[in-house]
Amino acid sequence: MLVKSESVSTPNPDKPRRAYRSPLRAEQAQQTRSRIVTAATDLFVERGYGKTTLQAIADAAGVSVVSVQLNGPKGALLVAALEQLATGGEGFESVTDIPENADLVQQITSTEDLIHSTAQYAAASNRRVTGLWLALDRAADDDPDVAQTYQRMIDRMRTDYQKIFVGQLATLGGARADRTRAELADICWAILLPDLYHRLVNQAGWTIERYNEWLEQSLRELLLDTH
């Protein structure tokens with residue numbers, strides 16, 4: 001008995017292959033990364049960067065060390081954890097890329113609104129990220145890759161303050177005339193860094209309300225022409 005063979009099409013090597021993307025697989029990968037970043041966040045804050053191992057992150061996230069390595073290295077996880085806590089997501093180039101922040105910027109119509117909103121945003125953000133920020137600062141001393149990323153984050157923050165805060169201040173009027181825009185931005189950046197939150201709230205015992213009031217007062221006195 002003869003069996004008719006089915007014809008098999010021969011792939012055309014010159015025809016571009018369509019990339020296969022599985023939405024389910026992508027969602028599972030994102031969920032895994034989220035667990036890993038969350039576990040890394042808790043461990044970095046609790047133990048510090050140096051004492052947190054990939055195995056510890058894997059155990060806390062309920063995944064294999066290989067999965068952690070695929071989402072690493074450890075320095076990248078530290079940065080991802082900081083971005084997640086600060087902005088709710090990874091990879092934002094500017095705080096104005098965050099939809100709610102972009103909306104907030106549009107709602108500011110006076111110098112008082114600008115000072116108040118900036119102080120409130122910084123106080124809330126620092127309350128979340130100070131532990132990780134300090135871990136990042138320490139890790140930068142020992143890890144060149146972390147140091148490079150840390151410097152990029154600082155540069156981005158300074159650019160944001162010059163472009164957003166000082167830019168709006170120039171539009172609204174009232175900035176001190178005896179300081180350049182770059183100096184005003186650097187003063188704003190230095191005051192609002194998590195470092196001072198750590199000194200005043202964590203070490204000196206200030207309440208978050210007192211710290212917020214101090215931020216507003218300091219921004220007015222150092223950046224505005226009050227005469």
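The values are calculated or read from the model by the stated rules, or taken from the named source; none is laboratory data. The structure presented is a predicted model; accordingly, all values stated were derived computationally and were not measured. We place every Cβ from the backbone using ideal geometry, glycine too, and count neighbours over all the protein chains shown.
Scanning the range 91-113 turns up one or more residues that are assigned to a loop (DSSP other than H, G, I, E, B), in contact with a helix residue (DSSP H, G or I) (Cβ under 8 Å, 6 or more places away or on another chain) and either at pLDDT 85 or above or more than 22 Å from GLN162 (Cα to Cα) (or both).
If you scan the range 61-71, which residues turn out to be crowded, with 19+ Cβ neighbours inside 10 Å and of a type outside the set (Val, Ile, Thr)?
Within the range 61-71, the subset crowded, with 19+ Cβ neighbours inside 10 Å is 61, 67-68, 71.
Result: ALA61, SER67, ASN71.
Scan the range 157-198 for residues that are of a type in the set (Lys, Arg) and in contact with an Asp or Glu (Cβ under 8 Å, 6 or more places away or on another chain) and the total you get is 2.
Conditions tested, residue by residue: (1) among the small types (Gly, Ala, Ser); (2) at pLDDT 85 or above; (3) assigned by TED's automatic domain parsing to the domain that holds ALA139.
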residue: PRO11; (1), (2), (3): no, no, no
residue: ARG17; (1), (2), (3): no, no, no
residue: LEU43; (1), (2), (3): no, yes, no
residue: GLU46; (1), (2), (3): no, yes, no
residue: LYS51; (1), (2), (3): no, yes, no
residue: ASP59; (1), (2), (3): no, yes, no
residue: SER67; (1), (2), (3): yes, yes, no
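Within the range 173-227, considering only helices (runs of 4 or more DSSP H) that don't extend past its boundaries, which have at least 3 residues that are closer than 13 Å to ALA119 by Cβ and in the same structural domain as ASP155 (by TED's automatic domain parsing)? Steps first, answer last, please.
Numbers: elements: 181-192, 194-197, 208-223.
Correct list: 181-192, 208-223.
For (1) crowded, with 16+ Cβ neighbours inside 10 Å; (2) without any contact (Cβ under 8 Å) to a residue 12 or more places away in the chain, each residue gets a yes or a no:
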residue: GLY131; (1), (2): yes, no
residue: LEU134; (1), (2): yes, no
residue: GLN148; (1), (2): no, yes
residue: ILE164; (1), (2): yes, no
residue: GLY173; (1), (2): no, no
residue: ASP195; (1), (2): no, no
residue: GLY205; (1), (2): no, yes
residue: GLU221; (1), (2): no, yes
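For the range 176-188, check the following and say yes or no: at least one residue is β-branched (Val, Ile, Thr) and surrounded by fewer than 16 Cβ atoms within 10 Å (Cβ to Cβ). Checked against the condition, which is being β-branched (Val, Ile, Thr) and surrounded by fewer than 16 Cβ atoms within 10 Å (Cβ to Cβ), the range 176-188 yields at least one hit.
Please verify whether ALA139 is closer than 19 Å to GLU83 by Cα and in contact with a Phe, Trp or Tyr (Cβ under 9 Å, 6 or more places away or on another chain), treating the condition exactly as stated. Spelling it out, ALA139 is indeed closer than 19 Å to GLU83 by Cα and in contact with a Phe, Trp or Tyr (Cβ under 9 Å, 6 or more places away or on another chain).
When LEU136, LEU219, LEU215, LEU172 are checked against the criterion of being touching a helix residue (DSSP H, G or I) at 6+ places or on another chain (Cβ under 9 Å), modelled with pLDDT under 90 and over 30 Å from LYS74 (Cα atoms), a single residue qualifies: LEU172.
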